Each structure stands twice: as structure tokens, then as C-alpha cells.
Amino acid sequence: GPTRAIKAARAAQVDAAELGINLRAGLHTGEIIERADGDVAGIAVHIAARVAGEADADEVLVSRTTTDLVAGSSLRFEDRGTHVLKGIEGERQLFAVTS
């Protein structure tokens, strides 16, 4: 689920930092298409990739969809404003994970 995905991204950043690597992550929650070769595709995959592209080093950035789905969790977010994501129709509101 999205809460576990956010926590996994944060844990990966901690592990990467121990190796001197700055890791950025972007998350979006949506439907995917599973291909026969085990790969995934679909608009949700493209949105997640574009969200990741907007993240700064050592930042986990998520879409509004993801924040809505983790409402009630212990996670906290900071609004990073709306962004036009390349190849994605319309604007998307993005949030940085702060806790």
C-alpha cells in the first residue's frame, strides 16, 4: 500500500546515505498494467516517474492521490505546489514527506 511504499522509500534513502548516495523518490498511487515479461506500464507509472523527476535529493515527493490514500496515518507532508508534469494532462499537486 501507499504508506508502506513511502516508508520503504524513506528507508532506502537512509541506507543510501550511509553509502554517500543522495536518493530522491517520487510516488503516485494508481492502476498499473502488468506485462507478460513482469514489467509494469500505464499512466500511473508515468505519473510516478514524473513525480520522481520533480523531487530534490534526499526528498520523497508524492502526488495528492497518495496523500489522500494515507490520510489518518502518522505521515506528514509539506505542500510543494502544483506542477505540470511532462506528458501528463493537467496540473498535479505534489507534497514532500516530512515525517
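The values are calculated or read from the model by the stated rules, or taken from the named source; none is laboratory data. Values in this document were obtained by computation on a predicted structure and should not be read as measured data. Just so you know, the surface numbers come from the protein's heavy atoms only, side chains and all, with ligands and any DNA or RNA stripped out. Shrake-Rupley method; radii C 1.70, N 1.55, O 1.52, S 1.80 Å.
Structural remarks
- Interchain or long-range residues, amide H under 5 Å from LEU27's placed H: LEU61, VAL62, SER63
- Per-residue accessible area (protein heavy atoms, 1.4 Å probe) orders VAL40, VAL70 as VAL40, VAL70, starting from the largest.
- Karplus-derived HN-Hα couplings along segment 42-55 (A = 6.51, B = -1.76, C = 1.60, θ = phi - 60°), whole Hz, x at Gly and Pro: x, 4, 4, 5, 5, 4, 4, 5, 5, 4, 4, x, 8, 6
- Its relative contact order, with pairs defined as Cα atoms under 8 Å and 6+ residues apart, puts the chain at 25 percent.
- Put LEU75, LEU23 in order of accessible area, highest first, and with a 1.4 Å probe you get LEU23, LEU75.
- Among the protein heavy atoms, those of THR82 account for about 90 Å² of accessible surface (1.4 Å probe, every chain in place).
- Averaged per residue, segment 1-94 has 63 square angstrom of accessible surface, using a 1.4 angstrom probe with ligands and nucleic acids left out.
- For ARG92, the accessible surface of its heavy atoms amounts to roughly 70 Å² (probe 1.4 Å, protein chains only, rounded to the nearest 10).
- Accessible-area composition of the chain, carbon plus sulfur, in percent [1.4 Å probe]: 50
- P(r) tail fraction, the chain - alpha-carbon pairs more than 17 Å apart, %: 50
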